[in-house]
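J.: My questions all concern the structure below.
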Amino acid sequence: MKIAIASDFHLGYERFRSDAFRQAETALEMASKEADAIIIPGDIFDMRNPKPDVLAEAINLFRNLSKKEWRATAIDVSAASKAYTDVPILAIPGTHERRAKGAENPVNLLGLAGLLVDISDGAATLEKDGEKVLVYGIGGVSEERFLDTIKTLDPKPLAGHFSIFMFHQSAYELLPFSDDFIHLEQLPEGFDLYVNGHIHNRVEKKVHGKHFLIPGSTVLTQLKDAEQEEKGFFVFDTKAGTYSFHKIPSRRFVVVKIEADGKDADGLTNDIKKGIESAVGNDTGIPVVRVEISGSMKKGVRSIDLDAQGIIKEHAGRAIVEIAKPGVEESIENDTDVASLRKGSLENMSVKDYGLGIFIEKLKNGKYDLGISPSELFEMLSDEGTKEKTVKKALEELFSN
Ligand SMILES: [Mn+2]
C-alpha cells in the first residue's frame, strides 16, 4: 500500500493565509493521486478555535478530497472519537489544535462531519486488496505528559498488519534543550514506521531500526534557516519498505547573510540589494527574503543610518524582505536602565510594565526576529516557577512549532 504523509498545513495562519490553503490543497491533491491513503500527523489548523471561514476552507478542502475514488478503506476504528466515514484519510490534532480533555477540537469536527477519521488515542486499519495497515495515533499533548500518555495507552503493533505509530511532539534528538522531550528510543517498540508532525522542516531518521519520518509543514511559518528547503509530503510504500519525498509548489524562503564589517551605510545598502536580487533571481512567486547582517559597520556609523524600510519598499511586489539590523553601538548602559526604572516607578508605572518597555525596546534594537512577539516572550519569562523551567518553556515555544 502506498501511504502519503502530509503535515502541519496551519490553515488560517494569518501571515500567509492563502499560501496555507493553496499549498495544503496542492499537497492533498497530489497525494490522492500518488497514494492509496493519507495520514496527517497534526496541525491541520493553525488554531484551536478557527473562525467559521477557516473551518469552511477546511471543510471544502476535505469534502473534495473525501469524494475521490479511493483504493483503500479505513476499517476497525477504535479511538477516542467514533468514525463516520471509511475514507482512508487518518488524522490527529496537533499542539495548535489541542484543547482540554473532552473538549471538541477542529480536527475532531472534521471527523464528526465524516470528512476524515480522527484516530486520536487509538487506531484504525487501512485495507486494500487484502493488505492491512494499522495506524496508531496520539494527538499532540504537552511535552512532559507524552511519556505518561504512551504508558497509559500502551500502543502496540498488530500481527498480520504493517503497523505505523503516528504522533505530534518534539524529540530530544531533534531539539536537545529540554528534559521534557521524549527520547526517540522511548517510543513504543515493534512498529514498522514512525511518523511525526510538529517540526516544520523535513526529518528522516531511524527509530528502533525502522524509518522515522517528519514531512515538515506545507507552509512557511517560522522563517528559520531550516525552512529554506522545499515543502512537500512523503509517500511510503509498505510492500517495498521505501519512501519518496514529493515537492509541492510553494513560496520560497531565502536567508541572505551579509557581512557589515567596516562598511558605511551606502556600501552596506548596495551589498544588501545585490544579495536580495540574487536571492529573488527569476522567481515570479514573490519569495520571502530575510537579510541577516553580522558584524558592525564602519566606526561612527549607526544602524539607524541604514534605510531598511527604503530597501523593503523598493522590493515590494518582487520579494517580501525582512532585515535584521546589526546591533551596533546601541547598547544602553546599566545605569540608564536603573534610572529609567526609578523614573518609571515615579510615574506610577508598574516596574513590570516599565521592564516590559525596556525589554521590547532592547529586542527591537537587537537582532531579535523569532516567531513570537516580545511581549508574549516577556510574559512567558516572568511566569511563576523556577528560572530553569521558565526558560525551558520559553525555548520550547520559540523553537518547536
Ligand atoms: Mn505545526
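J.: Show the residue pairs that are 6+ apart or on different chains and have beta-carbon atoms under 7 Å apart, the first residue being within the stretch 214-226 and outside the structural domain of Phe21 (by TED's automatic domain parsing), the second being buried (at least 18 other Cβ atoms within 10 Å of the Cβ) and outside any helix (DSSP H, G or I).
T.: Hits for this filter: zero, empty list.
J.: Does Glu189 satisfy being away from the ligand (no atom under 16 Å from the Cβ) and under 18 Å from the mean Cα position of the chain (by Cα)? Full working, then the answer.
T.: Working: away from the ligand (no atom under 16 Å from the Cβ): yes; under 18 Å from the mean Cα position of the chain (by Cα): no.
Spelling it out, it is not the case that Glu189 is away from the ligand (no atom under 16 Å from the Cβ) and under 18 Å from the mean Cα position of the chain (by Cα).
J.: If you don't mind, another one. Looking only at the stretch 91-121, filter to residues that are aliphatic (A, V, I, L, M) and open to solvent by 10 Å² or more (accessible area, probe 1.4 Å); which one of those is modelled with the lowest pLDDT?
T.: Ala100
J.: Is it true that Gln186 is under 30 Å from Lys257 (Cα atoms), polar (S, T, N, Q) and not assigned by TED's automatic domain parsing to the domain that holds Val288? Spell out how you get there, then give the answer.
T.: Details: under 30 Å from Lys257 (Cα atoms): no; polar (S, T, N, Q): yes; not assigned by TED's automatic domain parsing to the domain that holds Val288: yes.
The answer is no for Gln186.
J.: Which of the strands (runs of 3 or more DSSP E) found entirely inside the stretch 201-320 contain at least 3 residues meeting this: open to solvent by 50 Å² or more (accessible area, probe 1.4 Å)?
T.: 203-207, 242-247
J.: Among the numbered conditions (1) within 22 Å of Ser244 (Cα to Cα); (2) within 15 Å of the ligand (Cβ to nearest atom); (3) part of a helix (DSSP H, G or I), tell me where Thr26 comes up short.
T.: (2)
J.: Out of all the residues in the stretch 170-189, is one or more open to solvent by less than 10 Å² (accessible area, probe 1.4 Å), of a type outside the set (A, V, I, L, M, F, W, C), more than 22 Å from Asp19 (Cα to Cα) and touching a residue at least 60 places away in the same chain (Cβ under 8 Å)?
T.: Yes, because at least one residue in the stretch 170-189 is open to solvent by less than 10 Å² (accessible area, probe 1.4 Å), of a type outside the set (A, V, I, L, M, F, W, C), more than 22 Å from Asp19 (Cα to Cα) and touching a residue at least 60 places away in the same chain (Cβ under 8 Å).
J.: Is one or more of the residues making up the stretch 58-76 surrounded by fewer than 23 Cβ atoms within 10 Å (Cβ to Cβ), within 16 Å of the ligand (Cβ to nearest atom) and either in contact (Cβ under 8 Å) with a residue 12 or more places away in the chain or under 18 Å from the mean Cα position of the chain (by Cα) (or both)?
T.: no
J.: So, one more: From the set of residues in the stretch 32-48 that are open to solvent by 10 Å² or more (accessible area, probe 1.4 Å) and within 16 Å of the ligand (Cβ to nearest atom), which is nearest to Asn105 (Cα to Cα)?
T.: Arg48
J.: Which residues, counting only those in the stretch 1-23, are within 13 Å of the ligand (Cβ to nearest atom), more than 19 Å from Ile164 (Cβ to Cβ) and not small (Gly, Ala, Ser)? Write out each step before concluding.
T.: Filtering the stretch 1-23 down to residues within 13 Å of the ligand (Cβ to nearest atom) leaves 6-13, 20.
The next check asks that each one be more than 19 Å from Ile164 (Cβ to Cβ); those that pass are 9-13, 20.
Selection gives Phe9, His10, Leu11, Tyr13.
J.: Checking the conditions here, which among Lys151, Lys132, Lys156 is in a loop (DSSP other than H, G, I, E, B) and charged (D, E, K, R)? Full working, then the answer.
T.: Values: Lys151 fails: in a loop (DSSP other than H, G, I, E, B); Lys132 fails: in a loop (DSSP other than H, G, I, E, B).
Result of the check over Lys151, Lys132, Lys156: Lys156.
J.: Next up: Taking the stretch 213-242, which residues are out of contact with any Leu (no Cβ under 7 Å at 6 or more places or on another chain) and away from the ligand (no atom under 16 Å from the Cβ)?
T.: Passing the criteria: Asp225, Gln228, Glu230, Val235, Asp237, Thr238, Lys239, Ala240, Gly241, Thr242.
J.: If I ask for residues that are more than 16 Å from the ligand (Cβ to nearest atom) and either within 26 Å of Ile199 (Cβ to Cβ) or not assigned by TED's automatic domain parsing to the domain that holds Leu55 (or both), which ones from the stretch 81-103 would you list?
T.: Passing the criteria: Ser81, Pro88, Ile89, Leu90, Ala100, Lys101, Ala103.
J.: Being in contact (Cβ under 8 Å) with a residue 60 or more places away in the chain and under 20 Å from the mean Cα position of the chain (by Cα) is the filter here, so list the residues in the stretch 77-112 that pass it.
T.: So in the stretch 77-112, the residues in contact (Cβ under 8 Å) with a residue 60 or more places away in the chain come out as 90, 92-96, 106-107, 110.
Of everything in the stretch 77-112, those that are in contact (Cβ under 8 Å) with a residue 60 or more places away in the chain and under 20 Å from the mean Cα position of the chain (by Cα) turn out to be Leu90, Ile92, Pro93, Gly94, Thr95, His96, Pro106, Val107.
The values are calculated or read from the model by the stated rules, or taken from the named source; none is laboratory data. Quick caveat: nothing in here was measured; it's all calculated off a predicted structure. Cβ coordinates were reconstructed from backbone atoms using ideal geometry, including for glycine residues, and neighbour counts include every protein chain displayed. Note: accessible area is taken over every heavy atom of the protein model, side chains too, but ligands, DNA and RNA are not part of it. Shrake-Rupley method; radii C 1.70, N 1.55, O 1.52, S 1.80 Å.
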